[in-house]
1. Looking at (1) within 13 Å of the ligand (Cβ to nearest atom); (2) open to solvent by less than 50 Å² (accessible area, probe 1.4 Å); (3) more than 22 Å from TRP305 (Cα to Cα), which one does GLY221 not meet, given that it meets all the others?
2. Residues of the range 162-197 being assigned to a loop (DSSP other than H, G, I, E, B), in contact (Cβ under 8 Å) with a residue 12 or more places away in the chain and within 13 Å of the ligand (Cβ to nearest atom), which ones?
3. Hey, among CYS47, CYS62, which residue is touching a Lys or Arg at 6+ places or on another chain (Cβ under 6 Å) and either of a type in the set (Lys, Arg) or at pLDDT 95 or above (or both)?
4. So which pairs qualify, if the first residue must be in the range 257-282 and at positive phi, the second must be part of a helix (DSSP H, G or I), the Cβ gap must be under 9 Å, and the two must be at least 6 apart or on different chains?
5. Does the range 1-14 hold any residues that are of a type outside the set (Val, Ile, Thr) and farther than 15 Å from LYS53 by Cβ, and which are they?
6. Out of (1) surrounded by 23 or more Cβ atoms within 10 Å (Cβ to Cβ); (2) out of contact with any Pro (no Cβ under 6 Å at 6 or more places or on another chain), the odd one out for LEU241 is which?
7. Quick check on VAL301: is it part of a loop (DSSP other than H, G, I, E, B) and either touching a His at 6+ places or on another chain (Cβ under 7 Å) or β-branched (Val, Ile, Thr) (or both)?
8. Scanning the range 120-161 for residues that are of a type in the set (Ser, Thr, Tyr), under 14 Å from TYR179 (Cα atoms) and not in a helix (DSSP H, G or I), which turns out farthest from the ligand (Cβ to nearest atom)?
Amino acid sequence: MKATVLVSGGAGFIGSHVTVELANAGYNVLVADNMSNCDMTNYEGVCRILGYKPEFVQMDFCDPAACRSLFETHKIDAVIHFAAYKAVGESCSEPLMYYRNNLLSFINILEQSKLQGGCNVLFSSSATVYGETDKLPVTEQSPRQEATSPYGNTKQMCEDILRDSVKAYPGIKGIALRYFNPIGAHPSALIGELPRGVPNNLVPFITQTAIGKRECLSVFGNDYPTPDGTCLRDYIDIVDLAKAHVCAVSRMIDEKMKQSYEIFNIGTGRPVSVLELINSFEKVNNLKLNWKFAPRRSGDVVAIWADPTLAEKELGWKAERSVDDTLKAAWEWEKHIAGK
Ligand code: WQD
């Protein structure tokens, strides 16, 4: 009997790529999403890639009755929780919306996991929990800094809620994956990033500038203490990231965990600057990008990248795609959604 994995927020950018890789690995995937932050483009793309429609339930995990009904009508062997708001800036202007949505949705899922006698729960965390640190690369033992946004705080709080639930409720096992900077798109160009409105993140802003949807890319700051003056990040290909989730789910379902709550950095271990990313995008896609230097963006950390050795050792996972490959796929996706 195939194990069933519930992917909350499964119609989103990361959730849709994880759905594809889980299905490719032989899992039965249940996609649930309230569609508040995306449309059906990615789910439809998943169906085209797979050649069939994974079960889809439109629901809000903040609704305890809907959450209970989902768990009572399905045998769920593992949950991957993506359903959350994720705009750093918006979280500063709407903290209550972020705390309610991001915490309550996860608490409801854990409540149901507890009521059904336990479940494997994988939480979508973020390197943002490390904040600004000069001890690089960061390992899973690197201290979490005080969050610089309510969004980042919800990531730290959900990690702690999962940790404490694992301790208190028998049968609940938990893994938190701390992503660095997810970028790119599926090589089929049928699923990818679909930010609503003006993109906050670098790569969708780059591809939208290249396609003509945005006039000019602003590079936020060129006077940082880095080799070329721009910020350094660990950009992780979205398909590599999705495969890390398959490794983590299998570790839980196949009972290979060493502790009941585990944390893994999911990054490449390779710091890349904003200018290096722009140059790579122009080179692999043979185009010239319209960009200019602009003042620093408040809240940006100078540099952060992962020590990914624990995930390699324990999950048997390592990033495989180059930044060039990833940026080529990102451009193909942008052209696909522009109908080109
Ligand atoms: C990367 C670099 C910017 C846009 C955030 C969240 C993190 C995760 C990933 C959700 C920075 C520069 C950006 C632009 C620019 N999100 N930049 N011009 O801020 O590292 O991480 O997204 O899980 O939790 O914190 O990613 O892509 O916004 O920025 O120069 O138009 O690109 O200053 O140096 P960030 P980002």
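1. For GLY221, the exception is condition (3).
2. Passing the criteria: PHE180, GLY184, GLU193.
3. Numbers: CYS62 fails: touching a Lys or Arg at 6+ places or on another chain (Cβ under 6 Å).
Being touching a Lys or Arg at 6+ places or on another chain (Cβ under 6 Å) and either of a type in the set (Lys, Arg) or at pLDDT 95 or above (or both) holds for just one of CYS47, CYS62, which is CYS47.
4. GLY269/THR309
5. Filtering the range 1-14 down to residues of a type outside the set (Val, Ile, Thr) leaves 1-3, 6, 8-13.
Within the range 1-14, MET1, LYS2, ALA3, LEU6, SER8, GLY9, GLY12, PHE13 qualify.
6. If we test LEU241 against (1) surrounded by 23 or more Cβ atoms within 10 Å (Cβ to Cβ); (2) out of contact with any Pro (no Cβ under 6 Å at 6 or more places or on another chain), just (2) comes out false.
7. yes
8. THR139
The values are calculated or read from the model by the stated rules, or taken from the named source; none is laboratory data. Source: prediction; values computed, not measured. Positions of Cβ are backbone-derived with ideal geometry, glycine not excepted, and every protein chain shown enters the neighbour counts. Keep in mind that these areas ignore ligands, DNA and RNA; they rest on the heavy atoms of the full protein, side chains included. Shrake-Rupley method; radii C 1.70, N 1.55, O 1.52, S 1.80 Å.
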